[in-house]
Amino acid sequence: MKPEEKKIVRQEKDRQIIFEMINASISLAAMKGKHALERGCNCIACVNKRKRYLQNPQKQWKYRL
Ligand SMILES: [Zn+2]
């Protein structure tokens with residue numbers, strides 16, 4: 001097998017692994033149902049929430065009580 005062909009096979013395997021991970025996280029979310037963000041939960045909802053939280057960190061509280 002040529003190195004280029006090996007590279008394509010590897011890329012295809014990587015893509016398959018990613019699809020499997022996404023499918024697993026979706027089925028985990030379907031199984032668990034609605035729930036709050038949990039530490040260590042790898043369902044698609046929690047992953048998205050965590051990602052959103054990391055992308056826009058909460059703003060500083062600017063009012064005094
Ligand atoms: Zn979750």
Q) Per 10 Å bin, what is the whole-percent P(r) computed from every C-alpha pair distance within the chain? A) 18, 29, 23, 18, 9, 3, 1
Q | Computed [θ] at 222 nm, deg cm²/dmol, the chain (DSSP H ≥ 4; -39,500 (n - 2.57); rounded to nearest 500) | A | -22500 deg cm²/dmol
Q) Any idea what the dipole of the chain comes to, in debye rounded to 20, about its Cα centre with Lys/Arg Cβ at +1 and Asp/Glu Cβ at -1? A) 520 debye
Q | Spin-label pair Lys32/Asp14, simplified geometry with 7 Å Cα→Cβ offset, distance in nm | A | 2.8 nm
Q: List, in the order given, every pair from Lys32/Lys59; Lys7/Lys32; Lys7/Lys49 whose Cα-Cα distance in the structure shown is over 32 Å.
A: Lys7/Lys32; Lys7/Lys49
(Q) Given points 7 Å out from each Cα along the Cα-Cβ axis, report the Asn42 to Gln55 separation in nanometres with one decimal. (A) 2.2 nm
Q) Please state the relative contact order of the chain as a whole percent: Cα pairs under 8 Å, 6+ residues apart? A) 23 percent
Q: Name every cysteine in the chain that ends up alone, with no second cysteine's Cβ under 4.7 Å, or say none.
A: Cys43
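Read-outs: derived from the displayed coordinates by stated rules, not from any lab. If you're wondering where the values come from, they're calculated on a predicted model, not measured in any experiment. Cβ atoms come from the backbone with ideal geometry, glycine included; neighbour counts cover every protein chain shown.
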